[in-house]
Amino acid sequence: MRDETTFDEQRGNGGGGVQVEGVLSYFFTKNFSVGVGGRYWSMWTKKRGDSLCSSSGCVGDPAIFAKYSMERWGTFFQASYKFD
């Protein structure tokens with residue numbers, strides 16, 4: 001419904017990523033367990049990426065080159081019950 005958005009289209013050429021997750025669980029009974037865990041993930045471009053738009057507009061503007069990356073981590077709790 002809007003004529004313009006505030007998001008720029010971005011592309012990367014050659015990239016990578018990683019995700020690691022671990023959980024430590026304790027069984028209170030053979031059917032019920034609780035656990036705590038953590039996860040980490042990251043993504044990046046190996047080469048220069050380009051943004052196809054700039055703050056002055058998108059049509060006819062030269063590409064803006066940059067390297068993009070993202071890292072996130074988090075913790076979580078879980079509970080599980082197994083029905084026989």
Please list, in chain and number order, the residues 5+ apart from Tyr68 or on another chain whose amide H is under 5 Å from its amide H, with Hs placed from the backbone.
Thr45, Gly49
Leu24 label point, 7 Å along Cα→Cβ, cut-off 13 Å on backbone N: hits in segment 69-84?
76
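Here, each number is a calculation from the coordinates, and none is a lab measurement. Bear in mind the structure is a predicted one, so any value in this text is a computation, not a measurement. Because the Cβ atoms are built from the backbone with ideal geometry, glycine has one as well, and the counts that use them run over all protein chains shown.
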